[in-house]
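What follows is a single structure, written as structure tokens, with notes after it.
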Amino acid sequence: STISKDSLKTSLLQLECHFTWSLLQEHVGLEALEETILDHIKYVVEYNIIDYNILSYVCHLRDSNEEALRNLRKAEEAIQKHHPGEVAKRSLVTWGNYAWIYYHMQRYEEAQAYVSKVENSCKKLSSTAHGKIQLPEVYAEKGWALLRFGRNYFEMAKNCFENALESDPDNPDYNFGYAIAMYRLEDCAEKYGGERTSCLEALKRAVQLNPTDTTILALLALKLQRLKRDDEGERYIEEGLQKTPDFPVFLRHAANFYRKKRKVNKAVEILNKALALTPNSVVLHHQLALCYKFKILQLKKGRYTPQQEVENLIQLAIFHLKIVIDKKPVFFSAYGDLGNIYALGERYEEAEEIFQQVLQRNDLPYDDKQVLYFHYGNFQHFHMKSESKAIKCYIEGLKMEKDSFGRKRCSEAVETLLEQKINSGLGDATDIGTLGLVHNLNGKKQEAIECYKKAIALDPNNEEYQNALVELQLSI
């Protein structure tokens, strides 16, 4: 019997699995994500089912459907091994992925067979007639998948774990996922601006419920460090180093803790140890580069700069950052880091090239773009000694209305630069008019009007300022 492709597609869209969770590949570097999951499979056996399922989806995105099927078979083996008594309940996501992959391979009979498997199991598992099932296990698995796809998904991930916790509030795994989502949301608010809710309580609860897991211990330590409770945090890090000295996920967070505490040599030592265990980890390469940058700046501050040592550190930082960008082209902040390192090494053409390359990307989110314009402006100002180009860069950052940490920094930088020039008597009509534009972009209309009036007094024939003034006066 031939299966109608349309009705099959309708059934497929009803399934809960990676193919229906709107996980977009433009938000991740597929190579980096695949390597992260493979590392996780090796070190965290209890997540094998979840990891093989998402790996199958990543393989599909890379057009290797055969390999995707192999990973689903591994997920099934892990289900048999870890949950022999609940095979149906634990297999819903795996079977959903099977159905979608067979559909994409145009093997419609097999796709339909898996759709039926899911539908029949849902009928048995659920009292609702529709068989659209709301299992906490499925919510949690969706939450873990969303966390893997980056910051656009953290809010949704948090909601998934909240849904899972509703039916099972003391579940260690759901509390773990919820705490990580909360931590990452707060981390994003730190980096980009935005709503902040404290993750402290969620982390503490997750630590209580997962006494052997050092990942959550490390995140608690990093949170305490943010709250200026360093010593308390460091005790947790030391405890973790005792408990899991060879667990790369923990080591990465521990290194981050020491780097922020300015114990950079200790951080480098830990990162190199972690890198020996998981040599492909993009995050480790990035963290190492940040450590080397810190050391370069320290050496350049001294009375005497050991040129050869600085040169070696610059080479190392560039080496690691190139790996990051290569494996994960959407790691946007790493481009800014690389531009800054080139500038520190006085390799100005390469710095210029890397800033241009990333700022021309059409997949660059506005908040990343604003931070990059801030760094590019600093490069023009402090390294290329061009105030006029720096001002243009900062203003590009301001032209994106949406507020963010990067926008604030552009705003402060350009205001400071212009005011210094004007107050020292070196400012001309252009500088005063530009300050007017800055005030206008920041919604300070009264200040903008003052500036435009002053600029027109100095340059009476300037139509640009006259038009801007008229527009402003009409808008008030």
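The values are calculated or read from the model by the stated rules, or taken from the named source; none is laboratory data. Here the structure is a predicted model, which is why all the values come from computation and not from measurement. Neighbour counts run over all protein chains shown; Cβ positions are idealised from the backbone, glycine included. In case anyone asks, the SASA skips ligands and DNA or RNA and just uses the protein heavy atoms, side chains included. Shrake-Rupley method; radii C 1.70, N 1.55, O 1.52, S 1.80 Å.
Tell me the Kirkwood hydrodynamic radius of region 134-210 in angstroms, computed as one over the mean inverse distance between distinct C-alpha pairs.
Computed over region 134-210, the radius equals 12.2 Å.
Run the paramagnetic zone check for LEU24: 7 angstrom along Cα to Cβ, then residues of region 143-166 with backbone nitrogen under 14 Å.
149-154
For region 215-233, list residues with backbone N below 16 Å from a point placed 7 Å from the Cα of LYS266 toward its Cβ?
Answer for region 215-233: 218-219, 221-226, 228-233.
Rounded to whole Hz and in sequence order, give me ³J(HN,Hα) for region 88-96 from the Karplus expression 6.51 cos²θ - 1.76 cosθ + 1.60, θ = phi - 60°, writing x for Gly and Pro.
Going residue by residue, I get 4, 4, 7, 9, 4, 5, 4, 5, x Hz, with x marking Gly and Pro.
List the residues, sorted by chain then number, that are 5 or more residues from GLY29 or on another chain and whose placed amide H is less than 5 Å from its amide H.
Answer set, sorted by chain and number: VAL330.
Between the helical axis of 429-441 and the dominant principal axis of the chain, each derived from Cα atoms, what acute angle in degrees is found, rounded to the nearest 10?
The angle comes out at about 30 degrees.
Have a look at TRP100, GLY433, VAL371 and report the one farthest towards the positive end of the charge dipole of the chain, computed about the Cα centre with Cβ charges (Lys/Arg +1, Asp/Glu -1).
Comparing the listed Cα positions along the dipole, VAL371 ranks first.
In debye, nearest 20: dipole of region 203-326 around its Cα centre with unit charges on the Cβ of K, R (+) and D, E (-)?
Around 580 debye, computed over region 203-326.
Once both labels are modelled 7 Å past Cα along the beta-carbon direction, what's the GLU232-THR305 spacing in nm?
Computed distance between label sites GLU232 and THR305 equals 4.1 nm.
Points 7 angstrom from Cα along the Cβ direction at LEU297 and LEU125: gap in nanometres?
4.9
Calculate the spin-label point distance for ARG347 paired with ALA113, positioning each point 7 Å from the Cα along the beta-carbon direction, and give it in nanometres.
5.5
Determine, from the Cβ-Cβ distance of ASP6 and ASN423 and an R0 of 45 Å, the FRET efficiency 1/(1 + (r/R0)^6), rounded to the nearest 0.05.
E between ASP6 and ASN423, to the nearest 0.05, is 0.05.
Mind listing the phi-derived Karplus ³J(HN,Hα) values for region 286-292, rounded to whole Hz, using 6.51, -1.76 and 1.60 with θ = phi - 60°, and x for any glycine or proline?
Taking θ as phi minus 60°, the curve returns 5, 4, 4, 4, 5, 5, 5 Hz for region 286-292.
If you count only protein heavy atoms with a 1.4 Å probe, what accessible area per residue comes out for the chain, rounded to a whole Å²?
Per-residue value: 49 Å².
Can you work out ³J(HN,Hα) from phi for every residue in region 187-192, in order, using Karplus 6.51 cos²θ - 1.76 cosθ + 1.60 and θ = phi - 60°, giving whole Hz and x for Gly and Pro?
4, 5, 4, 4, 7, 10
Using Cα-Cα distances under 8 Å and only pairs 6 or more residues apart, what relative contact order does region 95-168 have, in percent?
21
In debye, nearest 20: dipole of the chain around its Cα centre with unit charges on the Cβ of K, R (+) and D, E (-)?
Using only the charged Cβ atoms, the result is roughly 820 debye.
Tell me, what % of the accessible area of region 282-426 is carbon and sulfur with a 1.4 angstrom probe?
That share works out to 51 percent.
Taking the structure as given and computing Cα Rg over 2.2 N^0.38 Å, which label from (1) 1.42; (2) 1.00; (3) 1.16 fits?
Matching the structure shown: (3).
Got a number for carbon plus sulfur as a percent of region 1-155's accessible area, 1.4 Å probe?
In region 1-155, the share of accessible area belonging to carbon and sulfur is 48 percent.
So what's the gap between the Cα centers of region 59-90 and region 242-279, to the nearest angstrom?
So the two Cα centres are separated by 32 Å.
Once every DSSP H run of n ≥ 4 in the chain is given -39500 (n - 2.57) and the sum is divided by its residues, what mean residue ellipticity at 222 nm do you get, rounded to the nearest 500 deg cm²/dmol?
Calculated from helices alone, the mean residue ellipticity at 222 nm is -24500 deg cm²/dmol.
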